[in-house]
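Novice: The structure follows.
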Amino acid sequence: QVQLVESGGGLVQPGGSLRLSCEASGSISSFTGVGWYRQGPGKERELVAAIGSGGNTNYVDSVKGRFTISRDNAKNTVYLQMNSLKPEDTAVYYCNAPKLVAHGYWGQGTQVTVSS
């Protein structure tokens, strides 16, 4: 089974930026799509950004204009650039793909904390 490993989280002040990385053990081109999810304290996990095999992207309204999802197939890595961060963005962030979600797979995630 393909493994996805998230990294890049940390503590940042409101208005700051972070870039998250998701490295796959296999070619990310084998996935029909890859998404970034997050789960904040006391909240359900939600899909915040997704990128398709053709490079098309979608974002939840709350992050639109602030977050950018991209991928580097040569590095088997998907990124999430997060700008203008808000306290409400505080969450554990995960990357995943439909094939892995169907198998109940979730990685360790990476913690993002936005606080002054």
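The values are calculated or read from the model by the stated rules, or taken from the named source; none is laboratory data. Small disclaimer: the values here were computed from a predicted structure and weren't measured. Using ideal geometry, Cβ is built from the backbone for each residue, glycine included, and neighbour counts are taken over all protein chains shown. Only protein heavy atoms, including side chains, enter the accessible area calculation; ligands, DNA and RNA are left aside. Shrake-Rupley method; radii C 1.70, N 1.55, O 1.52, S 1.80 Å.
Novice: Name the single residue, out of those in region 1-16 being open to solvent by 70 Å² or more (accessible area, probe 1.4 Å) and assigned to a loop (DSSP other than H, G, I, E, B), that is farthest from L80 (Cα to Cα). Outline the logic, then answer.
Specialist: The initial filter retains those residues of region 1-16 that are open to solvent by 70 Å² or more (accessible area, probe 1.4 Å), namely 1, 3, 11, 13.
Remaining after also requiring assigned to a loop (DSSP other than H, G, I, E, B): 1, 3, 13.
Numbers: Q1: 23, Q3: 18, Q13: 18 Å.
Filtering region 1-16 for residues that are open to solvent by 70 Å² or more (accessible area, probe 1.4 Å) and assigned to a loop (DSSP other than H, G, I, E, B), the one farthest from L80 (Cα to Cα) comes out as Q1.
Novice: Okay, moving on. Would you check which residues across region 81-90 are surrounded by 19 or more Cβ atoms within 10 Å (Cβ to Cβ) and either at pLDDT below 95 or under 11 Å from the mean Cα position of the chain (by Cα) (or both) and list them?
Specialist: If the condition is that a residue be surrounded by 19 or more Cβ atoms within 10 Å (Cβ to Cβ) and either at pLDDT below 95 or under 11 Å from the mean Cα position of the chain (by Cα) (or both), then M82 is the only one that fits.
Novice: Kindly provide the set of residues from region 22-41 that are farther than 18 Å from Y105 by Cβ and modelled with pLDDT of 95 or more, ordered by number. Talk me through it step by step, then tell me what you get.
Specialist: From region 22-41, those farther than 18 Å from Y105 by Cβ are 29, 40-41; that's our starting set.
Answer for region 22-41, where residues must be farther than 18 Å from Y105 by Cβ and modelled with pLDDT of 95 or more: just G40.
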